[in-house]
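Structure record follows, encoded as structure tokens.
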Amino acid sequence: MSNSQKLFNDAKKVIPSGVNSPVRYFEPYPFFTKKSHGAYIWDEDKNRYIDFCNGYGALLLGHRRKEILNAVSKQLTQGTLFCTPTKSEIELSKLIIGNFPSIEKVRLVNTGGEATMTAIRLARGFTKKKKIIKFEGCYHGAHDSVLVKAGSGLAHNGISVSDGGLDEVSKNTLVVQYNNVEDLEKTITKNKDIAGVIIEPILANMGLILPENNFLSNVRKITKENDIPLIFDEVVTGFRVAPGGAQQHFKIKPDITTLAKALGSGFTVAAVGGQKEIMDLLSPGGKVYQASTYAGNPISVSAAIASIKTINKIKNKLYTKLERYNALLTHAIDNMATDMKIPHQINFTSSMFQIFFTNKPVIDYKTSKNADAKKFKKMFSTLLKNKVFIAPSQFEVVFLSDAHTQSDLNHTVDAFDIALKSVKN
Ligand SMILES: *Cc1c(COP(=O)(O)O)cnc(C)c1O
């Protein structure tokens with residue numbers, strides 16, 4: 001029995017399902033990680049994997065990046081938690097505002113879910129309206145008003161609305177189809193009580209689904225015409241697709257933005273930001289309450305400052321390298337799958353991609369759900385046997401990092417060759 005298997009048996013006795021977040025579980029048991037560096041993680045059985053999960057996108061700069069570790073080590077000598085304001089929070093806020101012109105003021109929180117929860121509460125406080133609109137398959141964290149037709153672990157486990165959530169809450173969340181402007185228009189016309197529209201500008205929790213031409217600009221146009229705050233959930237796309245996120249990439253200004261994953265490069269930090277008149281509604285100045293003991297803690301803040309500074313410093317090289325590597329990898333996989341006559345789609349952009357085993361283009365929740373998840377599972381296990389770790393679900397995304405090298409790519413292409421053959425048979 002492997003060490004990971006023994007540890008999993010032990011973990012199940014004290015941790016529900018043996019994992020601290022549902023997407024970490026896969027059959028027959030997840031490997032237990034001992035350490036990581038650069039592009040690699042090592043398990044408790046001394047296997048080294050090339051990591052393409054990368055903290056679900058957080059590790060844009062790779063594991064244990066030296067600029068981040070240096071900043072955090074320095075802060076450790078000064079203190080870990082003060083619960084008083086610090087200079088570094090101002091520095092981080094200015095860096096975020098510098099990268100995201102739609103943000104005039106920003107509040108720091110700890111997780112992506114906390115950021116979207118605050119964003120939605122702000123939208124309701126600002127408009128004094130009740131309902132929110134979300135898109136089918138978008139994932140915005142694990143709180144009641146967004147756990148409706150969500151992607152990620154909910155799609156993977158076939159949960160439409162989470163047990164334990166109140167109907168009173170979920171009935172105020174209206175769900176419309178991604179890449180379907182008419183559906184959004186119809187829903188807004190039918191409902192006068194819309195407080196906000198929340199969207200992942202690039203859908204990275206249903207596999208990878210790209211916004212079709214003009215979809216986002218139409219969403220912006222319709223929300224503006226109807227005075228409805230538009231929330232861009234850039235928890236994945238922030239810093240990953242551009243230093244200023246998807247809003248820079250698509251040249252669209254949302255009213256509220258949420259950031260997390262790549263903001264902290266592996267440390268717990270998130271942010272919600274937007275126009276002054278909305279952000280100033282937060283307590284204590286305003287009456288939209290939001291609070292947290294660990295918010296703006298100096299360790300996470302030092303990591304986030306170092307992340308943004310590093311990204312801004314190397315941006316000219318960083319994004320072109322990631323795009324080139326992503327193109328090389330996805331072309332190779334596409335060609336191999338085509339040669340093997342395996343029906344498939346590959347969606348990719350900047351440093352993310354996903355393969356779907358289906359002959360129909362994947363453009364929304366339904367088409368993603370229609371892909372052959374069994375084949376994906378087979379591919380995942382074969383990749384893992386060949387020391388390549390991608391997120392263990394069809395409804396997640398393959399993430400590249402700056403730490404990947406050409407030789408990692410070569411090994412990964414070989415592993416996909418074997419994995420695709422295993423799918424075919
Ligand atoms: C991961 C994710 C979240 C939730 O972030 P947590 O830090 O896990 O709470 C929210 N929105 C999107 C788009 C995400 O991918």
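The values are calculated or read from the model by the stated rules, or taken from the named source; none is laboratory data. What you see is a predicted model, and the numbers here were worked out from it, not measured in a lab. For neighbour counting, all protein chains shown are included, and Cβ atoms are generated from backbone atoms with ideal geometry for every residue, glycine included. Note: accessible area is taken over every heavy atom of the protein model, side chains too, but ligands, DNA and RNA are not part of it. Shrake-Rupley method; radii C 1.70, N 1.55, O 1.52, S 1.80 Å.
Below is a table of values for the structure above.
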{"item": "Any hit, segment 133-145, residues being charged (D, E, K, R), open to solvent by less than 60 Å² (accessible area, probe 1.4 Å) and in the same structural domain as Ala270 (by TED's automatic domain parsing)", "result": "yes"}
{"item": "Unmet criterion (only one of (1) in a loop (DSSP other than H, G, I, E, B); (2) assigned by TED's automatic domain parsing to the domain that holds His404) for Thr80", "result": "(2)"}
{"item": "Unique residue being under 19 Å from Leu259 (Cβ atoms), over 19 Å from the mean Cα position of the chain (by Cα), assigned by TED's automatic domain parsing to the domain that holds Thr237 and not polar (S, T, N, Q) when the list is Lys130, Lys94", "result": "Lys94"}
{"item": "Every pair of residues 6+ apart whose Cβ atoms lie under 8 Å, when the first sits in segment 46-66 and is within 18 Å of Met352 (Cβ to Cβ) and acidic (Asp, Glu) while the second is open to solvent by 10 Å² or more (accessible area, probe 1.4 Å) and part of a loop (DSSP other than H, G, I, E, B)", "result": "Asp51/Leu59"}
{"item": "Given (1) open to solvent by 40 Å² or more (accessible area, probe 1.4 Å); (2) within 16 Å of the ligand (Cβ to nearest atom), index of the condition Phe232 fails", "result": "(1)"}
{"item": "Tabulated pairs, segment 246-273, first more than 12 Å from the ligand (Cβ to nearest atom) and of a type in the set (Lys, Arg), second open to solvent by less than 60 Å² (accessible area, probe 1.4 Å) and not in a strand (DSSP E or B), C-beta under 7 angstrom, 6+ apart or interchain", "result": "Lys253/Ser102; Lys253/Gln247"}
{"item": "Cβ-Cβ under 7 Å pairs, at least 6 apart or on other chains, segment 204-230 side not assigned by TED's automatic domain parsing to the domain that holds Asn347, far side acidic (Asp, Glu) and modelled with pLDDT of 95 or more", "result": "Ile209/Asp364; Ile222/Glu185; Pro229/Asp255; Leu230/Asp255"}
{"item": "Residue count for segment 359-395, restricted to those that are assigned to a loop (DSSP other than H, G, I, E, B) and either without any contact (Cβ under 8 Å) to a residue 12 or more places away in the chain or touching a His at 6+ places or on another chain (Cβ under 7 Å) (or both)", "result": "2"}
{"item": "Some residue of segment 126-143 being among the hydrophobic types (A, V, I, L, M, F, W, C), in contact (Cβ under 8 Å) with a residue 40 or more places away in the chain and closer than 22 Å to Ser21 by Cα", "result": "yes"}
{"item": "Residue that is farthest from Ile228 (Cα to Cα), among those in segment 189-199 that are open to solvent by 10 Å² or more (accessible area, probe 1.4 Å) and touching a strand residue (DSSP E or B) at 6+ places or on another chain (Cβ under 7 Å)", "result": "Asn191"}
{"item": "Subset of segment 62-77 [surrounded by fewer than 20 Cβ atoms within 10 Å (Cβ to Cβ), assigned to a helix (DSSP H, G or I) and over 25 Å from the mean Cα position of the chain (by Cα)]", "result": "Asn70, Ser73, Lys74, Leu76"}
{"item": "Any hit, segment 48-56, residues being more than 16 Å from the ligand (Cβ to nearest atom) and open to solvent by 30 Å² or more (accessible area, probe 1.4 Å)", "result": "yes"}
{"item": "So Glu212, is it among the acidic types (Asp, Glu) and open to solvent by less than 10 Å² (accessible area, probe 1.4 Å)", "result": "no"}
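A quick yes/no check of all residues on (1) away from the ligand (no atom under 16 Å from the Cβ); (2) within 17 Å of the chain's Cα centre (by Cα); (3) over 20 Å from Ala195 (Cβ atoms):
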site	(1), (2), (3)
Lys87	yes, no, yes
Ser102	yes, no, no
Asn110	no, yes, yes
Met117	no, yes, no
Ser145	no, no, no
Gly151	no, yes, yes
His156	no, yes, yes
